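Step one of this worksheet: look at the structure below.
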Amino acid sequence: MTTDRQLIAEAKSAREQAYVPYSKFPVGAALLMADGTIYHGANIENASFGLTNCAERTALFKAYSEGNRDVKAIAVVADTNRPVPPCGACRQVMVELCPPDTKVVLTNLKDDIVEMTVAELLPGAFTAEDMDE
Ligand SMILES: O=c1ccn([C@H]2C[C@H](O)[C@@H](CO)O2)c(=O)[nH]1
Ligand SMILES: [Zn+2]
């Protein structure tokens, strides 16, 4: 069984692969899947800044593109004063690609930790049901 502490360690190791020549702000994410698989993600920046992909979305897109969709938990880490808050784009993507009760473990290099669920990350999120007539 993978503990929060282990998932955080995986996120810290993912952070080492960040490609951040512009912000110099590496972020790491680790996903725990129902079958025990762990996917890593780091932020990948681009000279066209808006094309940057955050660590959380990198990890989720890796899992989905391997055909593994059963997300149980996600840990995110950066060198922030408070546990790193995912951006709005990642919250929206997490709401669509993770079950609402998916555990979200936000942390930083000082090991401050905040835990919540994906549903709590983005109350009132726009979803596919909103497009039903
Ligand atoms: O939760 C977060 C917050 C920011 N970033 C990235 C995007 C960009 O590369 C850098 C600065 O915003 O950090 C993430 O990957 N995840
Ligand atoms: Zn983001």
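Cα centroid distance between the stretch 25-55 and the stretch 79-101, in Å?
Between the Cα centres of the stretch 25-55 and the stretch 79-101 lies a distance of 11 Å.
Are there GluC sites (Glu not before Pro) in the stretch 1-98 that DSSP puts in a loop and that have at most 11 other Cβ atoms within 10 Å, and which ones?
Details: sites: GLU10, GLU16, GLU45, GLU56, GLU66, GLU96; in loops: GLU16, GLU45, GLU66.
Listed in order of number, the matching sites are GLU16, GLU66.
Less than 24 Å apart at the alpha-carbon level, and either on another chain or at least 8 residues along: which lysines does that give for LYS72?
LYS12, LYS62, LYS103
If exposed trypsin sites (Lys or Arg not before Pro) are those in a DSSP loop with at most 11 other Cβ within 10 Å, what is the longest stretch of the chain that has none? Could the numbers behind the result be given before it?
Values: sites that count: LYS24, LYS110.
Maximal segment without exposed cleavage sites: 25-109.
Of VAL76, VAL93, VAL104, which has the largest mean-square fluctuation in a 10 Å C-alpha GNM of the chain?
VAL93
In Å, the Kirkwood hydrodynamic radius of the chain over pairs of distinct alpha carbons? Could you put the intermediate results ahead of the total?
On the way: mean 1/r = 0.0678 Å⁻¹.
Result for the chain, one decimal place: 14.8 Å.
Since every read-out is calculated from the coordinates, none of them should be taken as a lab result. From a predicted model like this one, the values you see are computed outputs, not experimental measurements. Note that each Cβ is placed from the backbone with ideal geometry, even for glycine, and that neighbours are counted across all protein chains shown.
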